[in-house]
1. Out of segment 153-170, which residues are free of Cβ contacts under 8 Å to residues at least 40 places away in the same chain and outside any helix (DSSP H, G or I)?
2. Would you confirm whether any residue within segment 77-95 is under 30 Å from residue 191 (Cβ atoms) and small (Gly, Ala, Ser)?
3. Output the residues belonging to segment 121-138 that are more than 14 Å from residue 95 (Cβ to Cβ), assigned to a loop (DSSP other than H, G, I, E, B) and of a type in the set (S, T, N, Q).
4. Looking only at segment 64-83, decide whether some residue is surrounded by 13 or more Cβ atoms within 10 Å (Cβ to Cβ), out of contact with any helix residue (DSSP H, G or I) (no Cβ under 8 Å at 6 or more places or on another chain) and closer than 27 Å to residue 223 by Cα.
5. Going through 128, 117, 165 one at a time, which residue ends up being in contact with a helix residue (DSSP H, G or I) (Cβ under 8 Å, 6 or more places away or on another chain) and outside the structural domain of residue 254 (by TED's automatic domain parsing)?
6. When you scan segment 9-30, do you find a residue that is aromatic (Phe, Trp, Tyr), within 19 Å of the chain's Cα centre (by Cα) and surrounded by 15 or more Cβ atoms within 10 Å (Cβ to Cβ), even just one?
7. Report, by residue number, each residue of segment 1-42 that is in contact with a Gly (Cβ under 7 Å, 6 or more places away or on another chain) and closer than 27 Å to residue 121 by Cα.
8. Here is a list of conditions, (1) in contact with a helix residue (DSSP H, G or I) (Cβ under 7 Å, 6 or more places away or on another chain); (2) closer than 30 Å to residue 148 by Cα; (3) crowded, with 19+ Cβ neighbours inside 10 Å, and residue 188 meets all of them except one; can you say which number that is?
Amino acid sequence: MALFGFTGASISGGEPLLTLDRTLSYIDAVRRRCGDAVHLWMYTNGTLMIREIAGELRSAGLGEIRFDIGATNYSLSKAQLAVGVIPTVTVEIPAVPEEEVLLRDKLAGMASVGIQHLNLHQLRLTPHNSKHLASRPYTFMHGESVMVLESELTALRLVRYALEHGIDLPVHYCSFPYKRRFQHAAARRRGIPFVQSDHEEVTPAGYLRAHGAGSVQYFEAIILPGGSGRRSAVEIPLPSGRWIAVEKRPVSPSIPAASSLFIDLSPLSFLPAELLRFERISVGLADYF
(Lines give C-alpha, C1' and ligand atoms only; values in the text may rest on other atoms or scores of the structure.)
Protein backbone atom coordinates (compact mmCIF):
# COMPACT_ATOMS: atom_id res chain seq x y z
CA MET A 1 0.00 0.00 0.00
CA ALA A 2 2.69 2.47 0.99
CA LEU A 3 4.74 1.55 -2.08
CA PHE A 4 1.94 2.55 -4.46
CA GLY A 5 0.68 5.53 -2.48
CA PHE A 6 -2.75 4.15 -1.59
CA THR A 7 -4.84 6.50 0.52
CA GLY A 8 -7.50 3.96 1.41
CA ALA A 9 -8.02 0.24 2.06
CA SER A 10 -11.13 -1.83 2.63
CA ILE A 11 -11.86 -5.12 4.36
CA SER A 12 -14.62 -7.24 2.89
CA GLY A 13 -15.31 -10.92 2.51
CA GLY A 14 -17.26 -13.07 2.93
CA GLU A 15 -18.22 -11.57 6.23
CA PRO A 16 -15.31 -9.99 8.16
CA LEU A 17 -17.06 -10.42 11.52
CA LEU A 18 -16.97 -14.21 11.12
CA THR A 19 -13.19 -13.95 11.54
CA LEU A 20 -13.05 -11.01 13.93
CA ASP A 21 -9.54 -11.69 15.25
CA ARG A 22 -8.11 -11.79 11.73
CA THR A 23 -10.01 -8.63 10.76
CA LEU A 24 -8.67 -6.78 13.80
CA SER A 25 -5.12 -7.91 13.04
CA TYR A 26 -5.41 -6.68 9.43
CA ILE A 27 -6.67 -3.29 10.57
CA ASP A 28 -3.89 -3.01 13.13
CA ALA A 29 -1.22 -4.03 10.59
CA VAL A 30 -2.32 -1.42 8.06
CA ARG A 31 -2.42 1.29 10.73
CA ARG A 32 1.08 0.43 11.96
CA ARG A 33 2.49 0.31 8.43
CA CYS A 34 0.69 3.29 6.88
CA GLY A 35 -0.38 5.49 9.80
CA ASP A 36 -3.46 7.65 10.02
CA ALA A 37 -3.21 9.00 6.47
CA VAL A 38 -4.90 5.86 5.09
CA HIS A 39 -8.70 5.67 5.28
CA LEU A 40 -9.73 2.20 6.47
CA TRP A 41 -13.26 0.93 5.98
CA MET A 42 -15.03 -2.40 6.32
CA TYR A 43 -18.09 -4.02 4.71
CA THR A 44 -20.47 -6.12 6.78
CA ASN A 45 -24.03 -7.41 6.70
CA GLY A 46 -24.19 -6.50 10.39
CA THR A 47 -25.89 -9.64 11.64
CA LEU A 48 -23.07 -10.29 14.15
CA MET A 49 -22.60 -6.68 15.21
CA ILE A 50 -22.76 -5.75 18.89
CA ARG A 51 -21.59 -2.55 20.58
CA GLU A 52 -18.50 -4.24 22.02
CA ILE A 53 -17.34 -5.38 18.57
CA ALA A 54 -17.80 -1.86 17.24
CA GLY A 55 -15.53 -0.66 20.04
CA GLU A 56 -12.87 -3.24 19.20
CA LEU A 57 -12.91 -2.25 15.54
CA ARG A 58 -12.55 1.42 16.46
CA SER A 59 -9.70 0.71 18.86
CA ALA A 60 -7.87 -1.19 16.13
CA GLY A 61 -8.14 1.85 13.86
CA LEU A 62 -11.22 1.35 11.68
CA GLY A 63 -12.41 4.67 10.30
CA GLU A 64 -15.64 3.65 8.55
CA ILE A 65 -18.06 0.75 8.51
CA ARG A 66 -20.53 0.07 5.69
CA PHE A 67 -23.66 -1.98 6.35
CA ASP A 68 -25.65 -3.96 3.80
CA ILE A 69 -28.97 -3.66 5.59
CA GLY A 70 -30.63 -5.88 2.99
CA ALA A 71 -29.32 -8.80 5.05
CA THR A 72 -31.41 -7.68 8.05
CA ASN A 73 -34.62 -6.93 6.14
CA TYR A 74 -33.55 -3.25 5.96
CA SER A 75 -33.51 -2.87 9.73
CA LEU A 76 -31.23 -0.09 10.99
CA SER A 77 -30.75 -1.50 14.48
CA LYS A 78 -27.38 -3.15 13.80
CA ALA A 79 -25.98 -0.13 11.99
CA GLN A 80 -27.14 2.10 14.83
CA LEU A 81 -24.92 0.11 17.24
CA ALA A 82 -21.87 1.50 15.44
CA VAL A 83 -23.07 5.13 15.45
CA GLY A 84 -21.01 7.19 17.89
CA VAL A 85 -18.37 4.47 18.13
CA ILE A 86 -16.89 4.22 14.63
CA PRO A 87 -16.29 7.68 13.11
CA THR A 88 -18.23 7.10 9.88
CA VAL A 89 -21.23 4.81 9.53
CA THR A 90 -22.55 4.19 6.02
CA VAL A 91 -25.32 2.11 4.51
CA GLU A 92 -24.25 0.55 1.22
CA ILE A 93 -26.77 -1.50 -0.72
CA PRO A 94 -27.79 -2.34 -4.26
CA ALA A 95 -30.62 -0.27 -5.70
CA VAL A 96 -33.23 -3.02 -5.97
CA PRO A 97 -36.21 -1.77 -8.02
CA GLU A 98 -38.76 -3.79 -6.04
CA GLU A 99 -37.57 -2.10 -2.82
CA GLU A 100 -37.77 1.50 -4.04
CA VAL A 101 -40.75 2.54 -1.91
CA LEU A 102 -39.29 0.88 1.18
CA LEU A 103 -35.92 2.57 0.64
CA ARG A 104 -37.53 5.95 0.07
CA ASP A 105 -39.35 5.63 3.38
CA LYS A 106 -36.09 4.64 5.12
CA LEU A 107 -34.12 7.75 4.07
CA ALA A 108 -35.31 10.01 6.87
CA GLY A 109 -34.86 7.18 9.39
CA MET A 110 -31.25 6.70 8.33
CA ALA A 111 -30.54 10.37 8.87
CA SER A 112 -32.28 10.43 12.25
CA VAL A 113 -30.28 7.52 13.72
CA GLY A 114 -26.95 8.99 12.62
CA ILE A 115 -26.18 7.19 9.37
CA GLN A 116 -23.83 9.55 7.52
CA HIS A 117 -24.03 8.26 3.95
CA LEU A 118 -26.15 6.06 1.73
CA ASN A 119 -24.34 4.41 -1.19
CA LEU A 120 -26.52 2.85 -3.88
CA HIS A 121 -25.05 0.37 -6.34
CA GLN A 122 -26.40 -0.46 -9.77
CA LEU A 123 -27.55 -4.03 -10.26
CA ARG A 124 -25.86 -5.90 -13.08
CA LEU A 125 -26.23 -9.35 -14.55
CA THR A 126 -23.32 -11.72 -13.85
CA PRO A 127 -22.75 -15.46 -14.26
CA HIS A 128 -23.32 -15.77 -10.49
CA ASN A 129 -26.73 -14.06 -10.29
CA SER A 130 -28.13 -14.62 -13.79
CA LYS A 131 -30.48 -17.44 -12.79
CA HIS A 132 -32.09 -15.11 -10.22
CA LEU A 133 -32.17 -11.86 -12.20
CA ALA A 134 -32.87 -13.07 -15.73
CA SER A 135 -36.41 -14.12 -14.80
CA ARG A 136 -37.28 -10.68 -13.40
CA PRO A 137 -39.03 -8.06 -15.56
CA TYR A 138 -35.86 -5.98 -15.94
CA THR A 139 -34.43 -4.14 -18.92
CA PHE A 140 -30.83 -5.27 -19.42
CA MET A 141 -28.50 -2.69 -20.96
CA HIS A 142 -25.51 -3.37 -23.15
CA GLY A 143 -22.05 -2.15 -22.14
CA GLU A 144 -18.86 -3.38 -20.46
CA SER A 145 -21.21 -5.32 -18.23
CA VAL A 146 -24.92 -6.16 -18.53
CA MET A 147 -26.62 -3.54 -16.35
CA VAL A 148 -30.18 -3.22 -15.06
CA LEU A 149 -31.91 -0.05 -16.28
CA GLU A 150 -34.57 -0.14 -13.56
CA SER A 151 -31.88 -0.22 -10.86
CA GLU A 152 -30.35 2.98 -12.22
CA LEU A 153 -33.73 4.72 -12.40
CA THR A 154 -34.49 3.62 -8.83
CA ALA A 155 -31.22 5.08 -7.57
CA LEU A 156 -31.70 8.38 -9.41
CA ARG A 157 -35.24 8.76 -8.07
CA LEU A 158 -34.01 8.15 -4.52
CA VAL A 159 -31.32 10.82 -4.93
CA ARG A 160 -33.95 13.26 -6.20
CA TYR A 161 -36.39 12.38 -3.40
CA ALA A 162 -33.76 13.07 -0.71
CA LEU A 163 -32.92 16.44 -2.27
CA GLU A 164 -36.52 17.52 -2.83
CA HIS A 165 -37.51 16.63 0.73
CA GLY A 166 -34.48 18.18 2.40
CA ILE A 167 -33.38 14.91 4.01
CA ASP A 168 -30.02 15.39 5.73
CA LEU A 169 -28.46 12.28 4.24
CA PRO A 170 -25.96 12.35 1.36
CA VAL A 171 -27.12 9.77 -1.19
CA HIS A 172 -24.47 8.59 -3.64
CA TYR A 173 -25.28 6.59 -6.75
CA CYS A 174 -22.42 4.32 -7.81
CA SER A 175 -23.26 3.40 -11.38
CA PHE A 176 -21.19 0.53 -12.76
CA PRO A 177 -19.73 2.41 -15.77
CA TYR A 178 -18.81 5.49 -13.73
CA LYS A 179 -17.15 3.43 -11.00
CA ARG A 180 -15.27 1.40 -13.59
CA ARG A 181 -13.89 4.49 -15.35
CA PHE A 182 -12.32 5.90 -12.19
CA GLN A 183 -11.12 2.55 -10.86
CA HIS A 184 -9.37 1.78 -14.13
CA ALA A 185 -7.77 5.24 -14.23
CA ALA A 186 -6.49 4.78 -10.67
CA ALA A 187 -5.13 1.32 -11.51
CA ARG A 188 -3.25 2.74 -14.49
CA ARG A 189 -1.68 5.50 -12.36
CA ARG A 190 -0.27 3.10 -9.74
CA GLY A 191 2.48 1.72 -11.91
CA ILE A 192 3.35 4.92 -13.77
CA PRO A 193 6.13 6.17 -11.41
CA PHE A 194 8.10 2.99 -12.11
CA VAL A 195 8.09 3.27 -15.92
CA GLN A 196 7.63 6.96 -16.73
CA SER A 197 10.34 8.60 -18.83
CA ASP A 198 11.41 12.23 -18.40
CA HIS A 199 9.69 13.36 -21.60
CA GLU A 200 6.37 11.64 -20.84
CA GLU A 201 3.36 13.26 -19.13
CA VAL A 202 0.52 11.68 -17.17
CA THR A 203 -2.97 12.49 -18.43
CA PRO A 204 -5.99 12.93 -16.13
CA ALA A 205 -7.27 9.60 -17.50
CA GLY A 206 -4.17 7.84 -16.19
CA TYR A 207 -2.24 7.28 -19.42
CA LEU A 208 1.30 8.27 -20.33
CA ARG A 209 1.54 10.74 -23.21
CA ALA A 210 4.75 10.67 -25.26
CA HIS A 211 5.41 13.37 -27.87
CA GLY A 212 7.23 12.72 -31.11
CA ALA A 213 7.94 14.86 -34.15
CA GLY A 214 4.45 16.17 -34.87
CA SER A 215 2.79 13.18 -33.24
CA VAL A 216 1.73 11.75 -29.89
CA GLN A 217 1.44 8.21 -28.56
CA TYR A 218 -0.22 6.89 -25.39
CA PHE A 219 0.89 4.12 -23.04
CA GLU A 220 -0.45 2.47 -19.90
CA ALA A 221 1.37 0.89 -16.97
CA ILE A 222 0.35 -2.72 -16.30
CA ILE A 223 1.14 -4.38 -12.96
CA LEU A 224 2.04 -8.06 -13.32
CA PRO A 225 3.17 -10.85 -10.99
CA GLY A 226 6.94 -10.93 -10.54
CA GLY A 227 8.95 -13.32 -12.66
CA SER A 228 6.71 -12.78 -15.70
CA GLY A 229 9.77 -13.04 -17.90
CA ARG A 230 8.97 -9.90 -19.87
CA ARG A 231 12.20 -8.10 -20.62
CA SER A 232 10.43 -4.74 -20.93
CA ALA A 233 9.01 -4.96 -17.39
CA VAL A 234 10.50 -3.30 -14.32
CA GLU A 235 10.63 -5.68 -11.35
CA ILE A 236 9.91 -4.26 -7.88
CA PRO A 237 10.66 -6.04 -4.57
CA LEU A 238 7.93 -6.10 -1.92
CA PRO A 239 8.48 -6.12 1.88
CA SER A 240 7.15 -9.70 1.94
CA GLY A 241 10.11 -10.86 -0.16
CA ARG A 242 7.97 -11.34 -3.24
CA TRP A 243 8.20 -9.36 -6.46
CA ILE A 244 5.85 -7.61 -8.82
CA ALA A 245 6.55 -6.20 -12.26
CA VAL A 246 5.33 -3.09 -14.08
CA GLU A 247 5.25 -3.04 -17.86
CA LYS A 248 4.64 -0.03 -20.11
CA ARG A 249 2.41 -0.99 -23.04
CA PRO A 250 1.26 1.13 -26.00
CA VAL A 251 -2.50 1.65 -26.16
CA SER A 252 -2.50 3.78 -29.31
CA PRO A 253 -0.53 4.08 -32.52
CA SER A 254 1.50 7.21 -33.17
CA ILE A 255 -1.19 9.84 -33.83
CA PRO A 256 -0.44 13.04 -35.79
CA ALA A 257 -0.86 15.95 -33.36
CA ALA A 258 0.89 19.29 -32.96
CA SER A 259 2.55 19.75 -29.57
CA SER A 260 0.80 23.13 -29.26
CA LEU A 261 -2.49 21.24 -28.70
CA PHE A 262 -1.27 20.23 -25.23
CA ILE A 263 -0.03 23.57 -23.91
CA ASP A 264 -3.36 24.44 -22.29
CA LEU A 265 -5.72 21.50 -21.81
CA SER A 266 -8.35 23.23 -19.69
CA PRO A 267 -10.90 23.26 -22.55
CA LEU A 268 -10.40 19.64 -23.54
CA SER A 269 -13.44 19.55 -25.79
CA PHE A 270 -11.45 20.88 -28.75
CA LEU A 271 -9.31 17.75 -28.91
CA PRO A 272 -10.26 15.12 -31.51
CA ALA A 273 -12.01 12.04 -30.13
CA GLU A 274 -9.03 9.75 -30.84
CA LEU A 275 -6.98 11.86 -28.36
CA LEU A 276 -9.74 12.82 -25.96
CA ARG A 277 -10.38 9.24 -24.82
CA PHE A 278 -6.82 9.07 -23.47
CA GLU A 279 -6.84 12.56 -21.96
CA ARG A 280 -10.07 12.70 -19.99
CA ILE A 281 -12.24 10.36 -17.95
CA SER A 282 -15.70 10.27 -19.49
CA VAL A 283 -18.48 11.82 -17.45
CA GLY A 284 -22.17 11.07 -17.24
CA LEU A 285 -24.25 7.93 -17.20
CA ALA A 286 -23.97 5.07 -19.66
CA ASP A 287 -25.64 5.39 -23.03
CA TYR A 288 -28.79 3.33 -23.37
CA PHE A 289 -28.95 1.11 -26.42
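The values are calculated or read from the model by the stated rules, or taken from the named source; none is laboratory data. Just so it is clear, the model here is predicted, and its values are computed rather than measured. We place every Cβ from the backbone using ideal geometry, glycine too, and count neighbours over all the protein chains shown.
1. Taking segment 153-170 as the starting set, the residues that turn out to be free of Cβ contacts under 8 Å to residues at least 40 places away in the same chain are 156, 159-160, 163-164, 166.
Of everything in segment 153-170, just one residue is free of Cβ contacts under 8 Å to residues at least 40 places away in the same chain and outside any helix (DSSP H, G or I), namely 166.
2. Looking for residues that are under 30 Å from residue 191 (Cβ atoms) and small (Gly, Ala, Ser), one finds none in segment 77-95, hence no.
3. 126, 129, 135
4. no
5. Details: 128 fails: in contact with a helix residue (DSSP H, G or I) (Cβ under 8 Å, 6 or more places away or on another chain); 117 fails: in contact with a helix residue (DSSP H, G or I) (Cβ under 8 Å, 6 or more places away or on another chain).
None of the others qualify; the one that does is 165.
6. Filtering segment 9-30 for residues aromatic (Phe, Trp, Tyr) gives 26.
Subsequent filtering for residues that are within 19 Å of the chain's Cα centre (by Cα) retains none.
No, segment 9-30 contains no residue that is aromatic (Phe, Trp, Tyr), within 19 Å of the chain's Cα centre (by Cα) and surrounded by 15 or more Cβ atoms within 10 Å (Cβ to Cβ).
7. First, pick out the residues of segment 1-42 that are in contact with a Gly (Cβ under 7 Å, 6 or more places away or on another chain): 27-28, 31, 38-41.
Of everything in segment 1-42, those that are in contact with a Gly (Cβ under 7 Å, 6 or more places away or on another chain) and closer than 27 Å to residue 121 by Cα turn out to be 27, 38, 39, 40, 41.
8. (1)
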